[in-house]
Amino acid sequence: MTQPPFPGRIPAAPRPPGPSPATAARPVPVVVPPRPARPPAPRPPRPGPAPAVPARPAERPLHTDAFAPARPVLVPEAEPVRISVDNNRCHIYGICQQEAPEVFRIAESGSLHYTRSVPAAYAAKARQAVRCCPMQAIAVHGGQSPSGGPAAIGRPPARPLRSGSAARSSLRRIVVAGAGLAGLSAATRLRERGFDGELVLVGEEPHRPYSRPPLSKQYLSGRLSQQQLLFRADEALDAHWLLDTQLTGLDAVASALELRGGEFLPYDGLVLATGVDAKRLPEAPVFSDRVRTVRTIEDAAAVRRAMHSARARHVVIVGGGFVGCELACTARENGMDVTLVVHSAPLLRRVLGARVGAVVGALQRRAGVDVRLSTEITEWQDHGDALRLRLDDGTVLDCDFVVLGLGSRPRTEWLRGSGLEISDGVLCGPTCHVVDQWGRTVPQIVAAGDVARWPNPRFDAEPRRVEHLIHAVEMGQHAADALLRGPARAARFTPVPRFWSEQHGTRIQAVGIPALGTDTEIVEGSLRSERFVVRYSRQTAYGTQIVAAVAFDMPLELLDYRDQIGRTLPHARPAGRRGHR
């Protein structure tokens, strides 16, 4: 039956009595109460979402030295908290010290020291460290829950933003499309900022938000359980959770989401945070149980079952990015023969460059991984009990299963026909407000996380997507602030991206965007020792700009380089020339 077009702003369509096949599998059925009825508004003529405000004139990137050190804007907390750290899960990445240096400190010996009782003045920083910990090794106890959960009952509400009050008063229901980390971060910040209307999170997975980086390592090897991956900092959130719910469309004119089954969910404000999907090879067998990707916890569980099978001895991993390399590490730790097939050379070249990528290749080969660079698979044969692959150099590989680590693609297929610009993720302006196909800013919609493409003025005016855990936390927070303030009052989002990996016991950490660098310089240690810090830079109109720094087993030394990202190096003074007093 064809669904009639939107007649304006409408309440959520009620479901028929009794559980339907689409909803019977939901673990926690949640009903979103309809908003009070109001007269239907006439639908404005197409094309394009409305209302919209004119896009800002083309903004010239700021001089990089104009940026203050990158620190996320946090909402102060009024009560002290207690901190505990699970040393079995902590990998000493040092991210907690970056977020809260008053609470956490990495000693010269490489051990982590921290303050158990945190005063109220530093409670917000400590909670941010919990959010950003990739291993979820830190827990926060006590204090006032900033998300409006049970701990906040009986306490005064959080102080709202000073600006943007007119925009906030018109927001009675905010919907977060995507129940991952970026969506959770945005929802929590909305409550922190005093939003007391309906808050609805729609997620296609049946789980609450969990940490994805350990899926290819600690979860795959069995060292972490599904429960241990759940995010701890914002467990209590005053919101409706619509999990296991597929998003099928967006009508930006009527301000409503279309859900599976033809239901419509109206909104006054919308956060797009649907994340990404794993890429697949078009020539790979689609329905074979022996060809897997690792994006969700169900994917990782299937790969783990295959790895622990008595028949699984040889695995082929396609892709030389971080996911492919980490999968190779985990398979070797489980005693499997591993062949890593990469169409380019060297490993991680796109992310870290050829020089540093060669070091990663050496780590993999020394651990027994068969690395095939500049190689592609030309033929796939599924024999039921094994896969046979033919490479472009004529080599034939027989393996138990294949894991694809080819990167990701933004989850935007459900936004087709919405009028938004989604050619490579959801295009946003510098404030995180989305931009439509006609270049107009849509004031009631923001985007955050892996799916968002926006220009970071710290580097330049080119819109890019950034797919890192810490970035999802910070962009979700900024997008929520921008939604409450409105496009005219919102600040520009200018973070320093940060990410990490672990390759056969070597910790790799980065700040900035190494792929932007055209020149590299070893500033600490040496490549030969495989313990070093390398700085990435490029030439700009303002001089030599520092765009990234990458550390191998030097987490403490890397801390000194975070605040340099985006700045320009001082011009070298010619030898023998004296300056004026």
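Structure values in brief
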| read-out | value |
| --- | --- |
| Per residue Cα convex hull volume in Å³ - calculated over region 445-511 | 84 Å³ |
| Of all accessible heavy-atom area on region 279-342, the percent that carbon and sulfur account for (1.4 Å) | 51 percent |
| Difference of contour (0.36 nm per residue) and Cα-Cα distance, ARG409 to SER423 | 4.0 nm |
| Relative contact order for region 208-348, counting Cα pairs under 8 Å that sit 6 or more residues apart, in percent | 21 percent |
| Gyration tensor (alpha-carbon) shape descriptor, region 467-581, a/c threshold 1.5 | oblate |
| For region 168-299: span of alpha carbons on each principal axis (Å, largest first) | 52, 34, 19 |
| Global form of region 345-389, assessed from the alpha-carbon gyration tensor, a/c cut-off 1.5 | prolate |
| Per-peptide average of other Cβ atoms within 10 Å, ordering 548-556, 73-81, 108-116 highest first | 548-556, 73-81, 108-116 |
| Evaluated at q = 0.11, 0.12, 0.15 Å⁻¹: base-10 log I(q)/I(0), Debye formula over Cα of region 350-506 | -0.65, -0.73, -0.91 |
| HIS141-LEU569 FRET efficiency (beta carbon distance; Förster radius 41 Å; 0.05 resolution) | 0.40 |
| Value of Rg/Rh across region 247-349 [Cα atoms, Kirkwood radius] | 1.14 |
| Highest-first arrangement of 442-449, 323-330, where packing means the average Cβ count within 10 Å | 442-449, 323-330 |
| Computed E for GLU376/ALA121 - FRET, C-beta separation, R0 60 angstrom, nearest 0.05 | 0.60 |
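The values are calculated or read from the model by the stated rules, or taken from the named source; none is laboratory data. What you see is a predicted model, and the numbers here were worked out from it, not measured in a lab. A quick note on method: Cβ atoms are made from the backbone with ideal geometry, for glycine too, and the neighbour counts reach across all protein chains shown. We work out accessible area using only protein heavy atoms, side chains counted, and drop any ligands, DNA or RNA first. Shrake-Rupley method; radii C 1.70, N 1.55, O 1.52, S 1.80 Å.
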